Structures are given as structure tokens and as C-alpha cells.
Amino acid sequence: MMTGLWNDIRYSIRQLKKNPGFASVAILTLALGVAANTVIFTVMNATILKSLPFPNAERLVVVWEKFSKNPDDYNIVSAPNYWDFAQQNHVFEHIAIFDSAGRGYNLAPSGESREPEQVSGLRVSSTFFDVLGVHPFLGRNFLAEEETLGKDKEVILSYGLWKARYAGDRGLVGKTIRIDGDDFTVVGVMPSDFRWQFWSGQRQLWVPVGYTKTDQGRDENSFVSIARLKPGVTVEQARAEMATVAEGLAKQYPKLDFNMSATVQPMADTDMKGIRTTMVTLFAAVGFVLLIACVNVANLLLARGAVRQKEFALRRAMGAGGFRVARQLLTESVLLALVGGAIGLALAVWTTTVLPTVLPGDLQFLPFRDLKTFPLDARVFIFAFLVSGVTGILFGMIPALNMIRGGFAETLKEGSRGTSAGHSRLRHALVASEVALALVVLCGAGLMIASLSRVLGVDPGFDPKNVITMGMSLPQEIIYNGPPGHPLFCQQLENHVAAIPGVVSVSAVAHMPMSGDAGRGFAIEGRPDPGPGNGAGAAYTVACPNYFRTMGIPVVKGREFTQQDSLGAQGVIVINEALAKKFWSKEDPIGRAIQQNGERLIIVGVVRDFHHWGLDEASNPQFYRPYPQAGWPTMSIVVRTNGAPASYAKAIKAALLEVEPDRPTSDVRLMQEIVDGSTGSRRFPTVLLSCFAGLALALAAVGIVGVVSYSVAQRTREIGIRMALGAHKTDVLKMILNGSMRWVLVGIGVGVLASIGLSRLLETMLYGVKPGNPLVLGSVALILTSVALLASYIPARRAAKVDPMVALRYE
């Protein structure tokens with residue numbers, strides 16, 4: 001058997017060498033299909049298939065608070081609830097929390113590092129690294145007593161920060177470094193392969209949680225809780241127990257934990273729902289592209305098999321069985337597929353080196369996934385090999401089965417055409433199927449393009465032009481609810497940065513548009529207490545004076561903050577139109593008051609709604625407090641300039657160093673780039689799907705040209721007779737076009753029906769466009785029909801130019 005297989009392979013190689021044109025077209029077609037599938041599988045492997053980089057990662061979970069039956073309702077936890085979770089559970093080996101927001105920490109100059117530097121860090125509980133099953137390669141973990149405020153001046157560094165800023169000094173452990181103006185003792189350095197990325201880029205240092213006064217509030221949800229299951233405990237068991245524990249707390253604290261439950265989610269599933277939908281959709285699209293490639297190659301093999309009918313008939317007449325000849329055909333097809341797969345894999349390797357540069361920001365910040373590179377591991381190679389092998393069998397099966405079923409006696413008769421009609425119908429049916437597949441992919445791309453164009457056409461509600469932003473970490477004793485650690489920050493910002501020639505306006509805000517928010521509850525003065533769980537609430541942030549002017553957000557009523565809204569003055573807030581409509585729809589909100597954390601806050605202004613959470617997200621109720629009255633540990637400076645804002649970055653940084661000498665800026669970006677980047681999660685799949693649609697269209701066109709060309713070649717003698725009997729060129733042209741377009745239209749009809757059903761899979765990815773949109777369907781069908789008509793016209797026109805005398809001498 002092995003000898004026979006080896007002979008089949010050698011014979012197949014000789015046959016392909018004799019037909020380089022056929023081999024080249026088939027291999028290139030397959031290479032494109034395999035490359036597209038391998039690229040998407042590589043991304044899937046790095047995002048949704050690869051296990052987390054921690055020991056026994058399947059036992060890692062996230063513990064969320066819940067306040068509704070909505071399965072997508074997940075809430076971060078408060079410290080007191082976490083303490084009770086830790087004491088009352090029997091399912092976790094370890095449980096820990098970390099600050100959900102994180103922040104920048106300012107490193108003072110040291111050694112050869114003469115410039116201050118801001119790095120990203122986290123407050124974590126002492127059990128944080130125990131949960132992950134990772135320990136420092138130098139030094140130790142945090143101790144339980146170091147969670148207490150005042151005893152929390154320790155730090156663990158990432159390997160990268162230790163190497164880059166401290167030159168890999170092993171003697172650094174036990175010494176102090178200056179962070180945010182305080183001395184912190186370095187107690188550990190994490191291993192080189194440890195990465196922590198959750199709702200942000202990679203963190204570079206960790207400090208003990210140091211519970212503040214604000215953290216003590218049972219309703220102050222500021223932390224993410226993670227845990228490691230005990231061996232043998234399932235996620236379902238942990239979920240049931242934590243729900244019971246949380247419901248007990250809700251009864252014990254009916255006001256603060258009203259209607260609270262809890263749930264447990266595998267850590268690997270965190271924030272993966274959207275990316276899973278995107279990846280599955282793209283994988284389905286490239287699967288259709290591969291099927292189209294298979295149909296094309298199957299048609300090529302059918303055409304080539306028709307030419308080799310006498311060869312196969314002679315083989316069978318000399319004693320070879322149908323299965324033996326079919327095996328030879330399958331060997332050729334699998335060989336083609338493997339060569340095409342190898343080339344496709346090479347194309348995929350090149351593509352994945354470029355891919356990280358075009359990934360949207362939200363995909364680059366997926367929890368625990370480092371997508372700066374896409375290594376091709378064994379799983380990817382196995383996938384490419386299996387796809388190539390299965391593809392070879394798939395497209396080789398049709399010609400092989402055709403050979404088994406066909407007789408050979410008629411074929412040996414001179415001039416026999418007994419099977420050509422059947423072959424022609426099969427080839428045209430395959431063309432109809434690839435037209436249908438192409439239409440489905442084109443329809444998906446059309447819907448995504450229409451959706452993206454709707455998003456890009458949305459008015460953000462502010463003016464991002466000529467605005468530059470940069471982050472700064474500020475001193476803050478009570479992290480999120482206390483008075484500002486630098487009360488004069490806004491005034492000094494105005495004095496130093498606004499003085500730069502060309503600067504129109506300057507301000508700062510805790511939460512930039514398109515980059516998240518916080519939430520706060522409040523009571524409306526003069527209205528009855530609605531009872532537990534029914535209080536008012538809205539998105540919340542703090543800003544310096546002139547923020548709305550700097551961002552180009554119109555104030556529709558009242559005023560915005562001024563420098564007179566200082567720490568000792570009357571507390572004030574500015575609200576957006578959505579909040580005004582929700583709670584003061586029948587009255588003027590200006591002058592009304594709310595109670596928030598025991599403070600009476602007067603509404604002094606209403607600003608126009610804008611798209612804070614994304615161009616495709618509605619404007620939700622939101623209110624602002626002036627930074628001089630309510631601080632925040634990290635602020636984004638926003639500066640509007642006369643033009644070319646990037647050219648002002650150096651001068652702005654120098655001015656800010658005068659305001660805060662030990663607190664450098666970071667993350668310098670243009671506001672226009674932030675707005676453009678907010679559409680990245682839509683732009684990325686749209687671009688990829690459009691590329692796949694273009695490839696599907698090209699492959700379908702090539703397939704139509706090939707089938708019609710072969711049909712014309714087979715009917716050359718018939719065409720000559722028709723023309724000799726008086727048929728005009730237009731008659732021949734119509735005959736060829738009618739024969740091919742009939743099957744194309746069948747494929748389009750099937751494709752339209754399939755698109756209406758399958759486009760519903762895209763529903764969650766669409767904005768302003770419904771699945772099965774008739775305009776998109778009609779446009780795509782028209783484009784595909786036009787391309788198919790052109791593809792049919794080229795060989796049909798060639799047929800119409802046939803010389804009758806030459807055609808009659810054919811064969």
C-alpha cells in the first residue's frame with residue numbers, strides 16, 4: 001500500500017509539472033483561502049483559545065456583585081463585602097481584590113534615571129499573588145498587616161521596570177525608592193514572564209491596598225475580586241455558594257446591600273463576549289472564502305478530469321478499479337492542497353507580523369492577553385495542516401466520485417461526449433454555490449460598512465479638533481471621594497499652561513470622553529426617600545474650570561465651573577441634559593440641590609449631551625463636580641490650541657513640571673485620535689470582513705470565467721456549426737451569457753435567502769442598520785451580478801469571434 005501511495009505521489013508531481021498553469025492557479029487559490037483562515041485562527045488562538053498564563057488557570061475566577069437578574073449585570077465589589085466573602089466561603093483556596101481603576105505612580109529620579117517617570121500600578125490585597133499562584137523571583141509577597149493604611153509603604157516591581165529603570169540591581173530589594181513623594185520599600189520583583197493586564201495596559205508595580213476611609217463603605221464599590229477555587233470545586237458550586245453568602249449579606253445590611261447577590265465567572269471569560277462574537281463571525285466568513293476556493297479548484301479538477309477521460313478509461317480498461325483511479329485523483333488534490341497550505345502558512349506568518357499595528361485599542365487591552373505579537377505555536381501549525389488536508393479531500397472528492405460512478409466503454413469510442421453534459425451541469429451547479437457563498441460574505445461586509453459609516457457620521461457632541469491630552473497622577477489621601485490633595489491644581493494649571501502662546505484654553509478632567517467613567521448615587525433635595533435600592537444615581541466625574549469650553553461642549557443653561565468654586569465655597573455640580581430630563585423634566589434644574597456623601601450640592605449648569613462612552617453609545621445621565629471641591633487621583637489635562645496641537649506637547653509638559661515638579665505626564669494623545677480610536681472595535685472586523693469579501697468576489701469571478709471558458713472550449717464545434725448555418729455573433733453571445741447567468745442568478749437567489757438568515761448573527765455588531773437590510777442586499781446582489789456578467793462576457797465574446805471553418809476542423 002505504501003509503495004502504491006508513493007507511486008501515486010510521484011505520478012502526481014509529474015502531472016503537475018506538465019501542467020504548470022493549472023497547478024499555479026490551483027495552488028494560489030488554495031494558498032489565499034488557507035492564509036485567511038490561518039490568520040483568523042491565529043487571532044482566535046491568542047484571544048479566546050489560549051489559556052491564561054498562570055498555574056492551574058482553569059481554577060481562577062472573578063467574583064462579582066449582582067443587583068439584577070440580567071446575566072450581563074456584573075458589578076465590582078466593596079471592601080467590606082469582600083471581607084465577608086473571604087470569611088464565609090468554603091469554595092476558595094484564596095481570594096483577593098485589586099483596585100478596579102488603577103492609576104499612575106510617579107517615580108522620582110534615581111541613579112542613572114535623572115527624569116521622573118509615571119508608571120501604571122495597582123493597589124492589591126496581600127493574597128493577590130497567592131490567588132494567581134505566582135511569587136516574586138526576588139523578595140517576597142505582601143504581608144496581611146501591610147494592608148493597613150500607614151503600614152502600606154511597600155512596593156513590588158515588574159521585571160521590566162526593575163531592569164529598565166534600576167538596571168536589574170538585585171540589591172534593590174529591601175531599599176527604599178521615592179513614589180509620589182513618599183518612601184516605599186521594595187519588597188519584591190516579579191518574574192520576567194509575569195504580565196498583569198486587566199482593563200488597562202500592563203501594570204508595572206503593585207502596592208498594598210492600604211484601605212482608606214472611603215474603602216470602608218459597604219456601598220463604595222471600588223475593587224475587582226479574584227479567587228482560586230479549591231481542587232475539585234466547580235464554577236457552578238462556587239457560584240451557588242457565593243449567591244447564598246451575598247443574599248445573606250443583603251438581609252444583614254438591607255440598606256447598603258439591598259437586593260444584592262453575587263456570581264462567579266471563570267477569569268478566562270472576563271470581557272470576552274464581544275470578542276468571541278467578532279472572532280466567530282470572521283471565522284465563518286473566512287470559512288466561506290475557503291469553500292469558494294475549494295469550489296474553484298474542484299471545477300478546475302473537473303475540467304482537467306474531462307480532458308483526461310480517455311487516460312482514466314484506458315487505465316480502467318487495463319484492470320485498474322474505479323477506487324484505484326479515484327485514489328490517484330485524491331492524491332493529486334491533497335498534494336495541491338498541502339503545497340497551497342504551505343504557501344498560505346507563509347502568507348499568514350507575514351500577515352501576523354503586521355496585525356498588531358492595526359489592532360484596535362480595546363482588543364490590545366483584553367484581560368491577560370498580550371497581543372503585541374502573534375506567535376505561531378503548534379496549535380496554529382496543526383490547524384493549517386488539518387485545513388490543508390481536509391480541503392484537499394473536500395475539493396478532490398467531487399472529481400473522484402465522478403470517476404467512480406462513470407463508465408469507461410463510451411469514453412473509449414472515438415469522439416464520445418457521453419458525460420460532458422453531466423459534467424457541465426455539475427460545474428455550473430458548483431459556480432452557483434460559490435456565487436451564493438460570495439454573496440453571503442459580501443452581504444456581511446456590506447452591513448458592517450453601512451454600520452461603520454453610520455457610526456462615523458455621528459456628531460460626538462464636542463469638538464475634538466486642535467485638542468491635545470495627557471495624563472497626570474495627583475496626590476490624593478482619600479482616593480475617590482475626598483477633598484483634593486492639590487487644591488490649587490486647577491488655578492496653577494491655568495496660570496502656567498494658558499500662558500503658552502497659541503494655547504486657547506486649558507482644563508483637566510478625571511474621565512476623558514471615550515475612556516470610561518465612575519458612578520455615584522445621590523438623593524434629590526425636597527423629595528421623599530424612595531427606599532432602599534430605588535435611589536437616584538448617575539455617571540460621575542470631576543473637572544477643572546473651563547473644561548466644557550476647552551472641549552467645545554455647549555452649556556445650555558447656567559454656567560460651568562469657575563475658580564471661585566473652591567474647597568471652602570458652596571458645593572456645586574454641573575449636569576448633562578440626560579440627567580436634567582430624567583429628574584427635572586418639568587422644572588428648571590438650575591438652583592436645585594442634591595445630597596451626595598452628606599454634602600449639599602447646587603446645580604449651577606446644564607451642558608449638552610455628548611457621546612462620552614463612544615460614538616455608538618447613547619448619552620446617559622451624568623454629573624460633574626469641580627476638582628477643587630472633590631479630588632481624583634488621576635486627571636487628564638486637555639488643551640485647545642490654535643492649530644497643530646502635537647507641536648505644543650513639549651511646551652505643555654514643561655509648564656506642567658512647574659505645577660508638579662515630581663509628577664510627570666504620560667499618555668500624550670490627540671483628542672481626534674481618541675475619537676477615531678473609539679470606533680476601532682467596529683473598524684477592525686469591518687476592514688477584515690471587507691478584505692475577505694473582496695477575496696470572495698475575486699475568487700467567484702475567476703471561477704465563473706474558468707467554467708464559462710471551459711464550456712466555450714467544449715462547445716467550439718457546436719458554435720462553428722451554428723455560425724455556419726447562419727447564427728450571428730450576437731446570437732452566440734446571448735447563448736453563452738444565458739447559459740452562465742442562469743446559474744449565477746440561481747446562486748444569487750440562494751445567497752440572498754441565506755444572507756437574510758445568517759446576517760442576524762451580526763446583529764450585536766451593527767449600529768443603525770438592521771440585518772437583512774434591503775438596500776444592502778440589493779446593492780450586493782447588483783454588484784455580484786455585474787461582476788458575474790462581466791466574467792461571463794469575456795469568454796462569451798471570445799466565443800462569438802470563432803471562425804466557423806476553424807471550429808468545424810476542431811478535433
Quiz prompt | Subset of Lys163/Lys372; Lys273/Lys770; Lys66/Lys251; Lys69/Lys255; Lys255/Lys557 violating a 24 Å alpha-carbon distance limit | solution = Lys255/Lys557
Quiz item: Can you work out D for the chain in µm² s⁻¹ from Stokes-Einstein, where Rh is the Kirkwood radius over C-alpha pairs, the temperature is 10 °C and the viscosity is 1.306 mPa s?
Solution: 51 µm²/s
Practice problem: Could you run the Karplus curve 6.51 cos²θ - 1.76 cosθ + 1.60 with θ = phi - 60° over segment 236-246 and give me ³J(HN,Hα) per residue in whole Hz, x for Gly and Pro? | Solution: 5, 5, 5, 4, 5, 5, 5, 4, 5, 4, 5
Quiz item: Please state the equivalent ellipsoid semi-axes for segment 1-64: what are the square roots of 5 times the Cα gyration tensor eigenvalues, largest first, in whole Å?
Solution: 45, 18, 6
Self-check item: Contact order normalised by residue count of the chain, Cα under 8 Å, 6+ apart, percent
Solution: 16 percent
Self-check item: Residues of type lysines that Lys801 reaches as a straight line, Cα spacing below 18 Å, ignoring anything fewer than 8 places off in the same chain
Solution: Lys729, Lys734
Quiz item: Where Rh denotes the Kirkwood radius from the mean inverse Cα pair distance, what is Rg over Rh for segment 150-269?
Solution: 1.07
Quiz item: Taking H as built 1.01 Å from N, whose amide H comes closer than 5 Å to the amide H of Trp613, not counting residues under 5 places away?
Solution: Met514
Self-check item: Nearest 10 degrees, 0 to 90: helix 322-354 Cα axis against the chain principal axis
Solution: 30 degrees
Exercise. Whenever you get a sec, compute what percent of the accessible area on the chain sits on carbon and sulfur atoms (1.4 Å probe).
Key: 59 percent
Practice problem: Per residue of segment 781-788, in order, report the coupling 6.51 cos²θ - 1.76 cosθ + 1.60 (Karplus, θ = phi - 60°) as ³J(HN,Hα) in whole Hz, putting x for Gly and Pro. | Solution: 4, 5, 4, 5, 5, 5, 5, 5
Quiz item: Against the longest alpha carbon principal axis of the chain, how many degrees, from 0 to 90 and to the nearest 10, is the axis of helix 273-307 turned?
Solution: 10 degrees
Quiz item: Hey, what angle do you get for helix 378-405 against the long axis of the chain, alpha-carbon based, 0 to 90 degrees rounded to 10?
Solution: 30 degrees
Quiz item: Protein chains only, probe 1.4 Å: how do Arg427, Arg10, Arg682, Arg760 rank by accessible area, largest first?
Solution: Arg760, Arg10, Arg682, Arg427
Practice problem: Enumerate the whole-percent occupancy of each 5 Å bin, from 0 to the last occupied one, for all C-alpha pair distances of segment 440-490. | Solution: 4, 13, 11, 11, 9, 11, 10, 9, 8, 6, 5, 2, 0
Quiz prompt | Long-range HN-HN contacts of Glu154 with modeled amide H, under 5 Å | solution = Thr185
Practice problem: Check cross-link reach from Lys650 to the lysines: straight Cα distance under 23 Å, and skip same-chain residues fewer than eight apart. | Solution: Lys465
Quiz prompt | Long-range HN-HN contacts of Val542 with modeled amide H, under 5 Å | solution = Ala510, His511, Arg625
Quiz prompt | Efficiency of FRET between Leu745 and Leu456 - r from beta-carbon atoms, R0 30 angstrom, step 0.05 | solution = 0.30
Quiz item: Based on the alpha-carbon gyration tensor of segment 107-212 and its eigenvalue square roots a ≥ b ≥ c, which shape applies: rounded if a/c is under 1.5, prolate if not and a/b is larger than b/c, or oblate?
Solution: rounded
Quiz item: Taking the Cα-to-Cβ direction at Lys729 and at Ala646 and moving 7 Å from each Cα, how far apart do the two end points lie in nm?
Solution: 5.6 nm
Quiz item: With every protein chain left in place, what is the accessible area per residue of segment 435-532 in square angstrom, probe 1.4 Å?
Solution: 36 Å²
Quiz item: Can you give the accessible area of His728 in Å² (nearest 10), computed on protein heavy atoms with a 1.4 Å probe?
Solution: 120 Å²
Quiz item: Taking K and R as +1 and D and E as -1, what net charge do the other residues with C-beta under 14 Å from the C-beta of Gly772 add up to?
Solution: +1
Quiz prompt | Whole-Hz couplings from phi, Karplus 6.51/-1.76/1.60, listed for segment 748-764; x for Gly and Pro | solution = 5, x, 5, x, 5, 4, 5, 5, 4, x, 6, 5, 5, 5, 8, 3, 6
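The values are calculated or read from the model by the stated rules, or taken from the named source; none is laboratory data. The structure presented is a predicted model; accordingly, all values stated were derived computationally and were not measured. Neighbour counts are summed over all protein chains in view; Cβ atoms, including those assigned to glycine, are modelled from backbone coordinates with ideal geometry. These area figures cover heavy atoms from the full protein model, side chains too; ligands, DNA and RNA do not enter into them. Shrake-Rupley method; radii C 1.70, N 1.55, O 1.52, S 1.80 Å.
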